[in-house]
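Sending over a structure as structure tokens; questions will come in a sec.
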Amino acid sequence: MAVTRRTFLKRMTLALGGLAAVDALGVEPRWLDVTRLDFSHLGLGKTIVHLTDLHYRGNRAWLESILEITRAEKPDLVCFTGDLVDRKNTEHLAEAFDLLKSCGAPLYGVMGNHDPYDPASLKIFRSGGKAAGGAWLTNEAVDFGDFVLHGTSGPYGLKRVEPKPKILLCHYPAVGDKPGTQPYDLILSGHSHGGQCRVPLVGALFLPSFVNRYVAGLYDSPSGKLFVGRGLGTSLLPMRFNCRPELTVVRV
Ligand SMILES: [Fe+2]
């Protein structure tokens, strides 16, 4: 039976839509991409693994696979930039930390907008960071001797002048437009999920506030070199399209 041009185009559109749906729901959300950044000019001789926006909902196998890749990088430090859990749900918070403590290096993190701020949860963040050999930083600085690590809870840096390289952990990429007293050598952030679903030629369908122009990747910003990770999990819809989850390895 002959197929008209119109029918053919209709079938093709349906087929492509179906393939896109399979990819967005079943393939991309668990197809981890490893990005490598070279900041070795800082001369610290260290490896940092950057994780962000896990939105953990009890999906143990996914987190265990991320941690296996993290450990294989033999990091000196693991940095997490917010949204450990989803929609302030505390159900899986302790379990997430229980798994994260085997990340293979001291774990330092900051809070994201999805993380719960009630006193009981904050206690879990503090004890979880400590059990993982590091800390959850709420507008604090940690001096490692040859560099300083800052961590803030909002889109801003700390008003401190440091005589050594300084790295900032901040959930919100908009921190790039909030320069402090001194630019950072490196800012690690997340929050945008890279848009999570990016339509070719159109770009991200949705971006949260406090992203500004810093959607994904490395930027020169008024606050210093800013890296925005695409994140490991999903929010709103459990799908990713043209925007794979990302783990980043930074040589500093
Ligand atoms: Fe997030």
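The values are calculated or read from the model by the stated rules, or taken from the named source; none is laboratory data. Since the model is a prediction, treat every value here as computed from it, not as a measurement. Cβ coordinates were reconstructed from backbone atoms using ideal geometry, including for glycine residues, and neighbour counts include every protein chain displayed.
For the range 79-129, which residues satisfy the criterion of being out of contact with any Gly (no Cβ under 8 Å at 6 or more places or on another chain), of a type in the set (S, T, N, Q) and not in a helix (DSSP H, G or I)?
N89, T90, S102
Quickly run through the range 26-52 and pick out the residues that are under 19 Å from L236 (Cβ atoms) and without any contact (Cβ under 8 Å) to a residue 40 or more places away in the chain.
Of everything in the range 26-52, those that are under 19 Å from L236 (Cβ atoms) and without any contact (Cβ under 8 Å) to a residue 40 or more places away in the chain turn out to be G26, V27.
Consider only pairs whose beta carbons are under 7 Å apart and that are at least six residues apart or on different chains; among these, list those whose first residue lies in the range 82-94 and is touching a residue at least 24 places away in the same chain (Cβ under 8 Å) and of a type in the set (S, T, Y) and whose second residue is in a loop (DSSP other than H, G, I, E, B) and within 15 Å of the ligand (Cβ to nearest atom).
T90/P116
Return the residue satisfying two criteria in turn: it lies in the range 44-63 and is touching an Asp or Glu at 6+ places or on another chain (Cβ under 8 Å) and on the phi > 0 side of the Ramachandran plot, and of such residues it is surrounded by the fewest Cβ atoms within 10 Å (Cβ to Cβ).
To start, the set of residues in the range 44-63 that are touching an Asp or Glu at 6+ places or on another chain (Cβ under 8 Å) comprises 44, 46-49, 52-58, 60.
With the extra rule that they be on the phi > 0 side of the Ramachandran plot, the set shrinks to 53, 55, 58.
Details: D53: 29, H55: 21, G58: 12.
Going through the qualifying residues, I end up with G58.
Name, by its number, the condition in (1) surrounded by 22 or more Cβ atoms within 10 Å (Cβ to Cβ); (2) more than 20 Å from L218 (Cβ to Cβ); (3) out of contact with any Leu (no Cβ under 8 Å at 6 or more places or on another chain) that does not hold for A132.
Unmet condition: (3).
Taking the conditions exactly as written (at pLDDT 90 or above and not acidic (D, E)), does L16 satisfy them or not? Walk me through it before giving the result.
Working: at pLDDT 90 or above: no; not acidic (D, E): yes.
Considered against the rule, which asks whether it is at pLDDT 90 or above and not acidic (D, E), L16 comes out as no.
Need pairs with beta-carbon distance below 8 Å; first residue among the charged types (D, E, K, R) and within the range 122-135, second surrounded by 15 or more Cβ atoms within 10 Å (Cβ to Cβ); sequence gap 6+ or separate chains.
R126/A135; R126/W136
So which residues in the range 215-234 are surrounded by 18 or more Cβ atoms within 10 Å (Cβ to Cβ), within 13 Å of the chain's Cα centre (by Cα) and of a type outside the set (A, V, I, L, M)?
Answer for the range 215-234, where residues must be surrounded by 18 or more Cβ atoms within 10 Å (Cβ to Cβ), within 13 Å of the chain's Cα centre (by Cα) and of a type outside the set (A, V, I, L, M): F227, G229, R230, G231, G233, T234.
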